[in-house]
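Q: One structure, pasted below without further comment.
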Amino acid sequence: VKASAGQNTEAALELERKAWAVRLGNIEPNPTPKVIDGKAEAVDGGTLIRHGLEVEPGIDVPLLLITPKDAKGRIPAVLLVAQGGKADFLRERGDAVAEFLKAGMAVCLVDVRGTGETRAGASADRGSARTSVSQVNLILGQPVLGSQLRDLRTVVRWLQARNGIDGKKLALWGDSFAKPNPADIRVAVPLDLETPSVSEPGGANLAVLAALFEDGIAAVYARGGIDSADTLTGSPYLYLPHEAVIPGPVQAWAIASALGKYRPVTYEAAVDAQNRARGGTPMAASDAAKWLVNSLRQMESPLGR
């Protein structure tokens with residue numbers, strides 16, 4: 001019996017899921033996280049509530065859920081994730097948040113472990129606490145990225161089950177606020193001296209990985225990830241966080257390429273392993289928000305498993 005196009009799609013994505021699950025360790029979401037709800041407060045364009053999800057003992061994931069004014073029925077939602085966290089997202093991409101609320105969509109800003117207010121420190125240098133945590137986790141077979149993905153998937157499931165949210169119309173925005181290095185920068189510098197700035201591809205990685213594993217993710221906007229042409233082996237000088245180096249030769253950009261065959265995906269403003277711009281000029285944040293809004297409005301149904 002010849003398989004349908006949908007069955008072929010499903011089989012291909014299932015192979016991708018199995019391959020990545022092996023590399024990332026335990027990525028299964030917590031189906032019953034302990035939830036702490038804060039008080040609602042009025043903000044420009046909507047209502048904000050602070051929540052906290054205890055995804056495992058001692059690991060809390062703080063998040064903000066902003067719903068537009070006069071929201072009725074079940075509305076689409078956009079999840080925003082970046083290494084800088086929800087505070088940096090509001091500061092750097094506030095116009096995008098306003099665009100989503102104006103379009104009648106909820107916005108969820110989440111700090112998975114090691115990001116935003118839960119990060120060990122701002123530095124990603126080789127001697128930093130952040131790098132030490134990543135090294136230990138990798139030795140133990142549980143990459144930090146895998147644990148962050150588990151946190152994000154837990155938030156996705158929590159959001160899908162929430163009253164007033166259309167769990168089949170979710171979008172993900174993974175971003176970086178790290179400034180790329182100049183194209184002509186000298187990358188060969190002595191260790192522990194003043195070094196070039198480090199990229200932050202974690203948000204882009206998490207967005208495409210969560211879209212690979214979770215039902216209901218209908219569109220993805222990833223910004224500041226690693227360039228698709230970079231295998232990370234072309235130079236001994238790497239200026240990216242330790243936890244962003246995924247074990248194996250294939251990086252997360254390959255998922256974006258595969259997902260783009262089945263659902264709207266934009267992967268832009270990419271950098272190379274030395275944090276030099278390779279992806280061209282990105283859309284303005286408000287235009288990226290409009291692209292996600294249109295993608296959600298045009299969809300008939302998300303790709304299910």
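The values are calculated or read from the model by the stated rules, or taken from the named source; none is laboratory data. No experiment lies behind these values; they were computed from the predicted model shown. Note that each Cβ is placed from the backbone with ideal geometry, even for glycine, and that neighbours are counted across all protein chains shown. Protein only, heavy atoms only, side chains kept; ligands, DNA and RNA dropped before computing areas. Shrake-Rupley method; radii C 1.70, N 1.55, O 1.52, S 1.80 Å.
Q: Quick one: with all protein chains in place, what share of the accessible area of the chain is carbon or sulfur, to the nearest percent (1.4 Å probe)?
A: Here it works out to 52 percent.
Q: Next question. Mean separation of Cα pairs under 8 Å and 6+ residues apart, divided by the residue count of the chain: what relative contact order is that in percent? Walk me through the intermediate numbers first.
A: Working: 624 pairs, mean separation 54.7, N = 305.
Value for the chain: 18 percent.
Q: So I have [x] -0.30, -0.39, -0.97, -1.09; [y] -0.25, -0.33, -0.90, -1.05; [z] -0.61, -0.69, -1.00, -1.06, and one of them is log10 I(q)/I(0) by the Debye sum over Cα atoms at q = 0.07, 0.08, 0.13, 0.14 Å⁻¹ calculated from this model. Which one is it?
A: [y]
Q: For the chain, with a Gaussian network of springs between Cα atoms less than 10 Å apart, report the residue from Leu206, Leu238, Leu149 with the top mean-square fluctuation.
A: Between Leu206, Leu238, Leu149, it is Leu238 that shows the largest mean-square fluctuation.
Q: Taking only DSSP H segments of four or more residues, each worth -39500 (n - 2.57), what value at 222 nm results for the chain once the sum is divided by all its residues, to the nearest 500 deg cm²/dmol? Could you put the intermediate results ahead of the total?
A: Numbers: 8 runs with 98 residues, N = 305.
Value at 222 nm, helices only, nearest 500: -10000 deg cm²/dmol.
Q: Would you mind checking the tilt of helix 129-139 against the longest principal axis of the Cα atoms of the chain, expressed as 0 to 90 degrees and rounded to 10?
A: Computed tilt is about 90 degrees.
Q: Taking the convex hull of the Cα atoms, report for the range 30-100 its projected area averaged over all directions, in nm².
A: On the way: hull surface 23.1 nm².
Answer in nm², one decimal: 5.8.
Q: Using 0.36 nm per residue of separation minus the Cα-Cα distance, give me the extension gain between Leu191 and Ala122 in nm, one decimal. Working shown, then result.
A: Working: separation 69, 0.36 × 69 = 24.84 nm, distance 1.85 nm.
Taking Leu191 through Ala122 to full extension adds about 23.0 nm, to one decimal.
Q: Equivalent ellipsoid semi-axes for the range 163-305, as square roots of 5 times the alpha carbon gyration tensor eigenvalues: give them largest first, rounded to whole Å. Let's see the in-between values first.
A: Numbers: eigenvalues 193, 47, 28 Å².
They are 31, 15, 12 Å, listed from largest to smallest.
Q: Quick one: accessible surface of Arg113, probe radius 1.4 Å, all protein chains present, in square angstrom to the nearest 10.
A: 40 Å²
Q: Also, quick follow-up: Percent of Cα-Cα pairs more than 16 Å apart in the range 158-231, please. Display every interim value, and only then the final one.
A: Numbers: 1689 of 2701 pairs.
The share of Cα pairs beyond 16 Å in the range 158-231 comes to 63 percent.
Q: On the Cα set of the range 218-282, report Rg and Dmax in Å, please.
A: Cα radius of gyration and Dmax of the range 218-282 are 12.0, 38 Å respectively.
Q: Rounded to the nearest 5, what % of the DSSP beta bridges within the chain are antiparallel ones? Don't skip to the answer; put the middle values down first.
A: Details: 23 of 45 bridges.
Rounded to the nearest five, the antiparallel share is 50 percent.
Q: Can you give me the distance in nm between label points at Glu28 and Ala71, each placed 7 Å from the Cα along the Cα-to-Cβ direction?
A: Distance between label points: 3.0 nm.
Q: Once the Cα atoms of the range 73-170 are picked out, what are the Rg and Dmax in Å?
A: Just the Cα atoms of the range 73-170 yield Rg and Dmax of 15.7, 50 Å.
Q: To the nearest 20 Debye, how big is the dipole of the range 1-143 about its Cα centre, given +1 on the beta carbon of each Lys and Arg and -1 on that of each Asp and Glu? Each step should come with its number before you reach the end.
A: Details: 18 positive and 18 negative charges, 37 e Å.
Taking the Cα centre of the range 1-143 as origin, the dipole is about 180 debye.
Q: Placing +1 at every Lys and Arg Cβ and -1 at every Asp and Glu Cβ, with all other atoms neutral, what dipole size does the chain have around its Cα centre, in debye to the nearest 20?
A: Working: 34 positive and 34 negative charges, 149 e Å.
It works out to roughly 720 debye.
Q: Accessible area per residue, 1.4 Å probe, Å², for the chain: what's the number? Each step should come with its number before you reach the end.
A: On the way: 14100 Å² over 305 residues.
With all protein chains present, the chain gives 46 Å² per residue.
Q: May I pose another question? Pull out a ≥ b ≥ c, the square roots of the eigenvalues of the alpha-carbon gyration tensor of the range 1-160, then state rounded if a/c is under 1.5, prolate if not and a/b is larger than b/c, and oblate in the remaining case. Show your work: numbers first, answer last.
A: On the way: a/c = 1.92, a/b = 1.13, b/c = 1.70.
Oblate, because a/c is 1.5 or more while a/b does not exceed b/c.
Q: Follow-up. Among Lys34/Lys261; Lys18/Lys168; Lys72/Lys179; Lys69/Lys179, which pairs are too far apart, with a Cα-Cα distance over 31 Å? Don't jump to the answer; show the numbers that get you there.
A: Numbers: Lys34/Lys261 36 Å; Lys18/Lys168 23 Å; Lys72/Lys179 39 Å; Lys69/Lys179 34 Å.
Going by Cα-Cα distance, Lys34/Lys261; Lys72/Lys179; Lys69/Lys179 fall outside the 31 Å limit.
Q: When the chain is treated as a GNM, springs tying every alpha-carbon pair under 10 Å, which of Tyr262, Tyr239, Tyr221 comes out with the largest mean-square fluctuation?
A: Tyr262
Q: Gaussian network model of the chain, Cα springs within a sub-10 Å range: biggest mean-square fluctuation belongs to which of Asn137, Asn205, Asn163?
A: Top of the fluctuation ranking is Asn163.
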